[in-house]
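The values are calculated or read from the model by the stated rules, or taken from the named source; none is laboratory data. What you see is a predicted model; the values in this text were computed from it and never measured. Glycine also receives a Cβ, built like all others from the backbone with ideal geometry; neighbour counts cover every protein chain displayed. The protein model used for the area step is the full one, side chains on, heavy atoms only, and it has no ligands, DNA or RNA in it. Shrake-Rupley method; radii C 1.70, N 1.55, O 1.52, S 1.80 Å.
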Amino acid sequence: MAQEKQTITKLKEVKFSALSLQEKVAIKRRGRPLPEVQISQSGISKNKKYIRSFNSEWYQKKKWLCGCEVTNALFCFPCVLFGGDSTWSRDGFTNINKMKEKTEKHEHSKKHIGNVVSLSLLGTVSSKAKLSEAHKLSVNEHNRKVAKNREILSKIIDCIKFCGNFDVPFRGRELDEAGDSVNPCVFRTLIDFASKLDPDLRNHLETNAVFKGVPKGIQDDVLDCLLQVYYDHVKKEIEDASFVAVMAGDATDVSERAQTIIIVLRYLVNEEIVERFWGVFTPEDHTADGLAKCILAQLDLVLDGNSEKLIAQTFDGASFVKCRKGDVQAKIKSVYNNAHFVHCYAHQVDLMLEDVASVTRSSRLFISNFSGMAAFFSRSPLPSSILNKHMISRIQPPSTTRWNFQVNSIYENFEPIKNCIEELQKTSNVSTTVAEATGILSTLNSEHFRFWLQLFQQIMPHAEVVHNQMQSRGIDESKAREYVANFKSAILEIKNSSSCKNPTQTIMAEAEEVCDCVCADIAERYSFTKHLVAAKLFNKESFVHFKKKGAVEEIGAATEAYPMINKERLETELNVFYSRSDMHRYGKLTDLLKLIVGNDLADVLGEMTKLIKILLTIPMATSEPERCFSTLKRVKTVFSSSMNQEERLNALSVISIEKTFMNGASGINEKVIDLFAVNENRRVDFVFK
């Protein structure tokens, strides 16, 4: 364009913003086009006709005005280059009768003024370089203070992370944050201790009257920023991951005011499995609708509309049992088609029996009674010491997931336990112990309690067997169906035997209902086993068989469960894989994935890689949400049970649960400070000029 005549028509064809600085400066130096345009317009004034024509003297009056001989119209040179009012930048002005009025109006527009300034400064020395020395010194002083403020805030963030890492409450019984308090809060005490070791921090606390970093408001703001930085990081990881699974569990918090659910996300990062804590949330209610709505709201934030990425869901807890897990998972699957429901294989028996225990009033009462017995013996040393005299083994402490083992213990030691309770009733001097012992003895003498104890003691061995069978390495879909059928036959046999017969018709009907529920529950729990069949494709013991006869059924089950995998391509890739013994030297599935990715085979073995990632993403246990609840109990102790801010609780939980990320990821404090500085109400500067 440098050798062509500069015209408005050619300028409009060029995308000025995409040009290099040199090209822009060249256009500026060539100047605005000033052709002799022939614009005229007739009019009538005082009954006389007149014709007004454009006079080139207007070019001198308006330094921004230019013309186009092609369209025979007038334009604004800066607005043509930088964009502006369509009349002066694209269409052209021809209304000569209103020339004075329209040019003055355009000159006063904000866009025009900005474009004139931009054109004037284009190619000149940076405005910063033109600053006076005094202004430079002012900027340097500002940046020096900002650096100091950011350093102090970084140390305060470290103190906050320290409290979170060790589950130390920020405030104790007294919410007194004054420096001279006899019983100051933990966080304030930590800040004071740190200042003794850090002269800069001590000087800041002693001399700065505006920003000290210890008020509750600043703590909450920093925690909010820490949580946001963590959420942004997780979202970026999930954006890069191929697949995601969601795990959820529920429990009552220490204040016993809210039934909360914890959400954990599982996916691969650099061919390694990670399980990230996402947060603690309180659903509107604990119906299937309430739980599903709560989980879906968080999934919408995480997946950002990518519904194909969620490939598994697994839940644990009383709320999910009460509303029937199928209802919750069906609602989620209606939104995320590939999100197959996978039960926790580490707790299958426990959860199944816990589910069954809530079916009838009598079964719930039975579970409550023997759980109370376990708590009674584990709560005080006296009952435990007397129990040791009567029996060798000990009754395990009560557990919400492992209560089934207590049934065997109480059944096998029924008489020794009864003798122990009778001795306690006679010898204890503590009235509460005597009262509890009397109640337990009454329960043990109850025919109904003995009936339910015997019934559950017969059911549980069969449940343990099918649980172990389902965890065997050679599991496939046909074997899974066979194991479930055998289990249901055994339970139906118990139902039709004398074990379910009871003089009380109501109790007998409830026992039969429990057996029916056990059969229905086991079928539901193991209804989705195609992922187990898919895992068999990478079992080394099957490679010889697959190499000779193929794996048609297994591949069919895998691609039926995960339609995003191309069946024909997967079969071809697996045939190549089975014939390559040099690729069979791996211990875990993650090792195989690293072998494929590390040798740039992810594209060649694309469908196989996709299936491996799916299998690694599927959670086989809900242990991570359980660990998160353990942390939650430490974070929200009885001394801080009034902590009802969901964001603050989530932030503290993230610091504790994800301490490896919080302490190891680079630039965490800087990112937190950048977010913290965004608040317009800050009275201290944290942003460099």
Worksheet item: Out of region 572-594, which residues are more than 25 Å from residue 619 (Cα to Cα) and assigned to a helix (DSSP H, G or I)?
Response: 572, 573, 575, 576, 577, 578, 581, 582, 583
Worksheet item: Within the group 509, 534, which residue is buried (at least 20 other Cβ atoms within 10 Å of the Cβ) and either within 19 Å of residue 363 (Cβ to Cβ) or not acidic (Asp, Glu) (or both)?
Response: 534
Worksheet item: Which of the following residues is part of a loop (DSSP other than H, G, I, E, B), more than 15 Å from residue 119 (Cα to Cα) and touching a Phe, Trp or Tyr at 6+ places or on another chain (Cβ under 9 Å): 6, 38?
Response: 38
Practice prompt. Residues being open to solvent by 30 Å² or more (accessible area, probe 1.4 Å), among the hydrophobic types (A, V, I, L, M, F, W, C) and at pLDDT below 75: count how many of those fall in region 190-218.
Written response: 2
Worksheet item: Is it the case that residue 6 is polar (S, T, N, Q) and either open to solvent by less than 50 Å² (accessible area, probe 1.4 Å) or touching a Gly at 6+ places or on another chain (Cβ under 7 Å) (or both)?
Response: yes
Item to complete: Would you check if residue 565 is open to solvent by less than 60 Å² (accessible area, probe 1.4 Å), in contact (Cβ under 8 Å) with a residue 24 or more places away in the chain and not charged (D, E, K, R)?
Response: yes
Worksheet item: Where residues in region 220-263 are of a type in the set (Asp, Glu) and part of a loop (DSSP other than H, G, I, E, B), which of them is modelled with the lowest pLDDT?
Response: 256
Worksheet item: Are any of the residues in region 52-75 at pLDDT below 90, open to solvent by 80 Å² or more (accessible area, probe 1.4 Å), touching a strand residue (DSSP E or B) at 6+ places or on another chain (Cβ under 9 Å) and farther than 22 Å from residue 90 by Cβ?
Response: yes
Worksheet item: Does any residue in region 148-161 that is in contact (Cβ under 8 Å) with a residue 12 or more places away in the chain and hydrophobic (A, V, I, L, M, F, W, C) come within less than 7 Å, Cβ to Cβ, of a residue that is open to solvent by less than 40 Å² (accessible area, probe 1.4 Å) and not in a helix (DSSP H, G or I) six or more places away or on a different chain, and which pairs are these?
Response: 152/213; 153/213; 153/686; 156/213
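Residue by residue, here is whether (1) assigned to a loop (DSSP other than H, G, I, E, B); (2) at pLDDT 90 or above holds:
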position	(1), (2)
273	no, no
283	yes, no
289	no, no
293	no, yes
Worksheet entry | Failed condition for residue 409, given (1) at pLDDT below 75; (2) open to solvent by 50 Å² or more (accessible area, probe 1.4 Å); (3) of a type outside the set (Phe, Trp, Tyr) | (2)
Practice prompt. Any chance you could count how many residues in region 83-93 are open to solvent by 70 Å² or more (accessible area, probe 1.4 Å) and not acidic (Asp, Glu)?
Written response: 1
Practice prompt. Note down all Cβ pairs under 8 Å where the first residue falls in region 230-241 and is open to solvent by less than 70 Å² (accessible area, probe 1.4 Å), the second is aromatic (Phe, Trp, Tyr), and they're at least six residues apart or on different chains.
Written response: 230/661; 233/661; 234/278; 237/267; 238/267; 241/267
Response to the item:
Going through (1) modelled with pLDDT under 85; (2) assigned to a helix (DSSP H, G or I); (3) closer than 26 Å to residue 415 by Cβ one by one, residue 502 fails only at (2)
Discussion item. Residue under question is residue 581, and the condition is that it be free of Cβ contacts under 8 Å to residues at least 12 places away in the same chain, hydroxyl-bearing (Ser, Thr, Tyr), within 19 Å of residue 604 (Cβ to Cβ) and open to solvent by 80 Å² or more (accessible area, probe 1.4 Å); does it hold?
Written reply: yes
Discussion item. Looking at region 456-477, can you tell me whether even one residue there is in contact with a Cys (Cβ under 8 Å, 6 or more places away or on another chain), surrounded by 15 or more Cβ atoms within 10 Å (Cβ to Cβ) and either modelled with pLDDT of 80 or more or of a type in the set (Asp, Glu) (or both)?
Written reply: yes
Worksheet item: Of the conditions (1) modelled with pLDDT under 70; (2) closer than 30 Å to residue 553 by Cβ; (3) among the small types (Gly, Ala, Ser), residue 393 fails just one. Which one is it?
Response: (2)
Item to complete: Those residues that are within 10 Å of residue 81 (Cβ to Cβ) and open to solvent by 40 Å² or more (accessible area, probe 1.4 Å), I need them from region 25-42; list them, please.
Response: 28, 32
